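A short reminder: the numbers here are calculations on the coordinates, not readings from a lab. Quantities reported herein were computed from a predicted structural model and do not represent experimental measurements. Here the Cβ is made from the backbone with ideal geometry for all residues, glycine too, and neighbour counts use every protein chain on show.
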Amino acid sequence: MAQLIAEGPLALFLDFDGTLVEIAPSPGDIDVPEGLADRLRGLRDRLDGRLALVSGRALDDLEMHLGPCELCRAGSHGASRLLHDGSRLGEAPEGLPDDAVAELRAYAEKHDLYYETKSHGGALHFRKSPEKREATLAFARNFAEGRELCVTSGKGVAEIVRHGATKEAAVEAFMAIEPFTGTTPVFIGDDVTDEDGFAGAIEFGGFGVAVGDRISDKARYRLASVTAVHNWLELE
């Protein structure tokens, strides 16, 4: 990090689950390291404000676990974006209609899955039953077809979202404003949805860093674990 910062203005985009905190059996079970928000604010200051969290979680859910963080952040896979002072960047995301939510909840209940309502859509979690992955994804894709929705998949989850809810779009939105514009973006993430974030960084002359052992199509570098991420970012 110190070497990259010395080479020129750097912008840093960080996924949350699997990157800054360990993956848990369900989204509410994560263990957030004590003082993480304070250390992230310190990293933000080192980067002159050019730090953004980009998470699949809704922003209120992210704040529930991390606390008030005073960081630029994008939740719901980039669909909802706030600046460090809490002001909104772009339009607020739109949720799914009630009938769609009811159908997704019914499917989740029937197949013993966890359904999570999100500001930009909904998520079917099958992390506790990985054998249900293909069936859940097939249902989600069939559900989204004809509803002007799309499906993103990650580790143990199928998300039904509105078009444009991508981490690439989040990177593009932040890179269009100060203090991000004209800098070199680095996106760090562990999941399939982070490939979009890597693509966004590449678009602006930067690169992606994959976390863990998942094969990445777009990342230039790799960090082995959440602990390795913290070490590289000097958050310890």
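Neighbours of GLY42, meaning other residues whose beta-carbon lies under 14 angstrom from its beta-carbon, give a summed charge of -1 when Lys and Arg score +1 and Asp and Glu score -1. Taking Cα atoms only, the orientation of helix 36-46 departs from the longest principal axis of the chain by about 40 degrees. Compared with the direct C-alpha span, the chain from ASP38 to TRP232 gains 68.2 nm at full extension, assuming 0.36 nm per residue. 3J(HN,Hα) along segment 86-95, derived from phi through the Karplus expression 6.51 cos²θ - 1.76 cosθ + 1.60 where θ = phi - 60°, amounts to x, 6, 7, 10, x, 7, 6, x, 10, x Hz, with x in place of Gly and Pro. Rounded to whole numbers, the Karplus 3J(HN,Hα) couplings from phi for segment 191-207 are 10, 4, 5, 6, 4, 5, x, 4, 4, x, 5, 4, 4, 9, x, x, 7 Hz, using 6.51 cos²θ - 1.76 cosθ + 1.60 with θ = phi - 60°, and x at Gly and Pro.
Remark: ARG44, ARG105 ranked as ARG105, ARG44, counting other beta-carbon atoms within 10 Å and listing the fewest first.
The stretch between LYS128 and PHE207, if pulled fully straight at 0.36 nm per residue, gains 25.2 nm over its current Cα-Cα span. In straight-distance terms, cross-link reach from LYS218 covers every one of the lysines whose alpha-carbon lies under 30 Å from its own, apart from those fewer than eight places away in the same chain; here that gives LYS118, LYS128, LYS132, LYS155, LYS167.
Karplus-based coupling profile of segment 134-146, in residue order and whole Hz: 5, 5, 5, 5, 4, 4, 4, 5, 5, 5, 6, 5, x, with θ = phi - 60° in 6.51 cos²θ - 1.76 cosθ + 1.60 and x standing for Gly or Pro. Using Cα pairs under 8 angstrom and six or more residues apart, how large is the relative contact order of the chain, in percent? Relative CO of the chain lands at 20 percent. Summing charges over all other residues whose Cβ lies under 15 Å from the Cβ of GLU131, with Lys and Arg as +1 and Asp and Glu as -1, gives +3. For Rg/Rh (Cα atoms, Kirkwood Rh), the value computed from the atomic coordinates appears in the list (1) 1.02; (2) 0.96; (3) 0.93 under label (2).
With an a/c value of 1.5 or above and a/b not larger than b/c for the gyration tensor axes a ≥ b ≥ c computed over the alpha-carbon atoms, segment 148-213 is described as oblate. In this structure the amide hydrogen of LYS118, modeled in the peptide plane, comes within under 5 Å of the amide hydrogens of ALA123, none closer than 5 places in sequence on its chain.
Near LYS110: Cβ cut-off under 15 Å, other residues only, Lys/Arg at +1 and Asp/Glu at -1. The net charge is -1. With 0.36 nm allotted per residue and the present C-alpha distance subtracted, the ALA2-LYS110 stretch has 33.8 nm of extension available.
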